[in-house]
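The next block holds one structure in the form of structure tokens; read it before the comments.
Values in this text are rule-based calculations from the coordinates and carry no lab data. Fair warning: this is a prediction, and the values are worked out from it, not measured in the lab. Here the Cβ is made from the backbone with ideal geometry for all residues, glycine too, and neighbour counts use every protein chain on show.
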Amino acid sequence: MKTENTPHTTDDTSLHAFWCLLVQILVKSSKKMEIIFRQTTLSVGRSPIFSSFRNTGFGKAFERLSLLTHKSTRDEPDIKFATLLRHSKFMQLGDPQGKVIEGKIVRVVGNDLYIDFGWKFECVCPKPLKNERDYVRGSKVRLRLQRLELSTKFLGATKEITLREADAHLIGIVRTPFRT
């Protein structure tokens, strides 16, 4: 609270509680509106009152949104997490050490190439001296993967610290945006 003697301070917990309450109210009211809308359209049918409501911008938007949310939940079968994980590219990769993969150069900083190969972190490789003009942003390159995450203990720290990058060696260029 703001008083004359104290400066204004925000209490994070009360602000968080306010936003949570507001979200709950909005979710409940939208669910109630959807139920009322469906009941009235089913019971009234083609009443002129509700047909004019459907022609308004809100009515059209509400119908589109409700069709999208209900269609997406009906069309997709329930797939368990274990099935998704088993069929993911990560599981098909197996042991990553020594695998040859393709990546895309996303940043070039000085002589360092930041290469995204679809994992959590990018790898950083030095730009080779031979054909260095081909190694630009957007180029596809081939890598030999060593480790997916570089993490170690630094200077006697008690926690492991992640460098937020992977360890890979650059083998060569596959495709550059200039030449296909």
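How much net charge surrounds ASN111 when only other residues with a Cβ under 15 Å from its Cβ are counted (Lys, Arg +1; Asp, Glu -1)?
Computed value for this residue: +2.
Could you give the nm distance between label points at ILE25 and HIS169, where each point is 7 Å from its Cα heading toward the beta carbon?
Distance between label points: 6.3 nm.
Calculate the spin-label point distance for HIS87 paired with ARG137, positioning each point 7 Å from the Cα along the beta-carbon direction, and give it in nanometres.
For the pair ARG137/HIS87, the computed spacing is 3.6 nm.
Using a ≥ b ≥ c from the Cα gyration tensor of the stretch 89-175 (square roots of the eigenvalues), is it rounded, prolate or oblate, where a/c under 1.5 gives rounded and otherwise the larger of a/b and b/c decides, a/b for prolate?
Verdict is oblate for the stretch 89-175.
Starting from the Cα-Cα distance between LEU150 and LEU65, subtract it from 0.36 nm times their residue separation and give me the gain in nm to one decimal.
Length gained, LEU150 through LEU65: 26.2 nm.
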